[in-house]
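**Student:** Sharing a structure below in structure tokens format, with a few things to ask.
Every number in this text was worked out from the coordinates using simple rules, so none of it is lab data. Predicted, not measured: the structure shown is a model, and the values here were computed from it. Virtual Cβ from ideal backbone geometry, glycine too; neighbours counted across all protein chains shown.
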Amino acid sequence: MQGEARMGLVDDFGSGGTAFSSRVRISFQAVGQTDGGLSFGASTRADLTGGNGANPGDALNPNNGVDSSVFLSGGGFTISMGDVDGAAQAAAGQVDGVGFTGLGDLNEIEFIGTGGVSAYFLDAYTDALESLTITGDPALLLQYTTGDLSLYASVSQPTYRFAEACCTWTDITARSLGAAYAFDRVRVSLGYETWKGMTAPAVHASTKNLSLGIDTDLGPVALKARYAVGDTVFFGTDYQDLTQWAVSATYRADALSLTVFVNDRSAVVPGSWTIDHKAIGVGAAYDLGGGASLAGGIVRKTEDIDVDPEETTTAVDLGLNFTF
């Protein structure tokens, strides 16, 4: 059994001022081995929060939940099912974030397989700008590792969420491929994802995404970069072109680490809208030993939509993280 917990204060993007924030995660693992030498196991994790437990800025993140996965491995292969990353995300991971809560995880770029692609679309009925989020559980992930090379493939059965319900989706599938190779102090990753669905009466939608990641460790400084391009076809029309990039730098000196990140997500709806989300974060963490650390950060995010005034908000947190 493993666990992690946190407690502290958060002032989250202007939605209520400073509030207490706490969360407990308990993970249980069970493992075994066949007579032929194959390893198998399962894990489950319960999240329990108090106060403002969900990450600020993430309205779709429930305060409490249970996640689980099952795996079978042998000969360099691992097959996992349940709450697992899609192949592209498993290959690349994310740049470093800040804060003891993650402050909305705005350091992250979005993947289709898990975590979702947040698309914006012009609602055909209200002519209002609405939000579509595609999430990716449950998923099947296959990984093969030989030496410094890792290969990934995944299939997910996503759900969807509109700001306003418009459609009943069926035949929803997300597929993804990923690869990562490490040499010297550099790790390079590549991922490709597709999502397809249909809604009555026989209206198809699809999204694809190509991502690239580069990590390097220069002794006390770790540098990470992610870049992704994709597009969405909705109602048979090129609906959105999405470009994402994120970079981070983390400096480590004994128990102290300092992190800065920049993230930019730009969506272009041809002939209609241009939407740009930017975020910059700065944070620090100090290892207190024994699994305890003090961490805090500040994130400033900006949303710029063609027809609306640019909106900038800031979130700050400070608290303690524990692992046990």
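**Student:** What is the distance, in nm, between label points placed 7 Å from the Cα along the Cα-to-Cβ direction at PHE77 and at LEU149?
**Tutor:** 1.7
**Student:** Could the peptides 271-277, 315-321 be put in order, highest first, of the mean number of other beta-carbon atoms found within 10 Å of their residues?
**Tutor:** Values: 271-277: 15.3, 315-321: 20.7.
Per-residue mean Cβ counts within 10 Å order the peptides as 315-321, 271-277.
**Student:** Let me ask something else. Which FRET efficiency value, to the nearest 0.05, is calculated for VAL221 and SER272 with the Förster distance at 56 angstrom and r the Cβ-Cβ distance? Each step should come with its number before you reach the end.
**Tutor:** Working: r = 42 Å, r/R0 = 0.75.
Rounded to the nearest 0.05, the efficiency is 0.85.
**Student:** Between ALA253 and GLN157, what's the calculated FRET efficiency when r is the beta-carbon distance and R0 is 41 Å? Round to 0.05. All intermediate terms of the calculation are to be shown ahead of the outcome.
**Tutor:** Values: r = 45 Å, r/R0 = 1.10.
Efficiency at R0 = 41 Å is approximately 0.35.
**Student:** If each of VAL186 and ALA284 carries a label point 7 Å out from its Cα toward its Cβ, how far apart are those two points in nm?
**Tutor:** 3.3
**Student:** Moving on. In nm, what is the difference between 0.36 nm times the number of residues separating LYS196 and THR243 and their Cα-Cα distance? Spell out each step's value before the answer.
**Tutor:** Numbers: separation 47, 0.36 × 47 = 16.92 nm, distance 1.94 nm.
Taking LYS196 through THR243 to full extension adds about 15.0 nm, to one decimal.
**Student:** Counting only the backbone N, which residues of segment 34-48 are under 15 Å from the spot 7 Å out from the Cα of PHE324 toward its beta-carbon?
**Tutor:** Under cut-off, by backbone N: 48.
**Student:** Could you give the length gained by full extension between SER39 and VAL262, i.e. 0.36 nm per residue of separation minus their alpha carbon distance, to one decimal place?
**Tutor:** On the way: separation 223, 0.36 × 223 = 80.28 nm, distance 4.00 nm.
Length gained, SER39 through VAL262: 76.3 nm.
**Student:** Next question. What ranking, highest mean first, results for peptides 173-179, 83-89 when packing means the other Cβ atoms within 10 Å averaged over each residue? Please list the in-between numbers first.
**Tutor:** Values: 173-179: 21.6, 83-89: 26.6.
In decreasing order of mean packing, 173-179, 83-89 become 83-89, 173-179.
**Student:** How do the peptides 224-232, 262-270 rank, highest first, by the average count of neighbouring beta carbon atoms within 10 Å per residue? Show your work: numbers first, answer last.
**Tutor:** Details: 224-232: 20.3, 262-270: 18.6.
Result, highest mean Cβ count within 10 Å first: 224-232, 262-270.
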